[in-house]
Amino acid sequence: MIALGCDHGGYNLICAIKKYLDKKGLEYKEYGTFSEESVDYPVYAYKVATAITSGECSTGILCCGTGIGISIAANKVKGIRAAVVSNEFCAEMTRRHNNANILCMGGRVTSEEDAVKFADIFLNTPYEGGRHENRVSMITDIENGTLPITDEHEDIHSFVEANLIERIGNPGKKLHTGRSRNDQVALDMK
Ligand code: RB5
């Protein structure tokens with residue numbers, strides 16, 4: 001079951017998403033709002049987020065004007081990984097790598113056609129698990145205040161910090177990995 005929620009700024013997108021879900025014969029539950037009258041997005045973020053954490057729904061789609069406010073609010077609920085998406089790549093990667101359980105989009109920044117495309121990708125992309133599992137578990141650890149920061153993590157922080165400082169001084173410069181830009185992008189994907 002898919003939980004749907006929006007504020008007035010995302011109402012148009014949720015209507016488009018509903019049409020798509022109807023066409024696909026996918027089940028959904030609506031948590032409002034139901035018009036373009038101004039409302040407060042945290043209310044709808046909370047309703048959809050708790051529908052997921054209670055087990056009533058397995059995944060959710062939330063829309064506001066930008067997708068940002070409603071995602072920030074949803075992410076305050078333990079167990080929620082809400083991702084603001086504005087392109088196809090992110091719609092896919094946030095499922096594959098982050099195991100996102102709510103897709104967030106903005107009615108003032110994303111067209112209805114694109115929103116349907118992103119929802120289709122999001123709903124049909126599996127979580128990869130594997131090396132990402134540890135990272136997703138670390139997000140849960142942050143929620144629980146139990147994230148262990150080890151010396152190894154501290155070393156990585158210093159490495160990244162040192163490289164960032166150098167790049168800010170000379171933005172065109174490659175990182176100290178001896179890799180080409182493409183290789184670096186591939187590296188960043190790991
Ligand atoms: C409402 O005007 C607007 O602030 C809301 O839809 C959303 O964009 C917040 O992030």
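The portion of the accessible surface of segment 13-60 made up by carbon and sulfur, rounded to a whole percent, is 49 (1.4 Å probe; DNA, RNA and ligands excluded). Here the simple spin-label model places points 7 Å from the Cα toward Cβ, and for SER58 and LYS78 these points are separated by 2.5 nm.
Given a 1.4 Å probe and the protein chains as shown, ILE149 ends up with an accessible area of around 90 Å².
The overall shape of segment 62-132, judged from the alpha-carbon gyration tensor, is oblate: a/c is not under 1.5, and a/b is no greater than b/c.
The values are calculated or read from the model by the stated rules, or taken from the named source; none is laboratory data. Only a predicted model underlies this, so the values are computations on that prediction, with no experimental measurement involved. Cβ: placed from backbone, ideal geometry, glycine included. Neighbour counts: every protein chain shown. Surface areas here come from the heavy atoms of the whole protein model, side chains and all, with no ligands, DNA or RNA. Shrake-Rupley method; radii C 1.70, N 1.55, O 1.52, S 1.80 Å.
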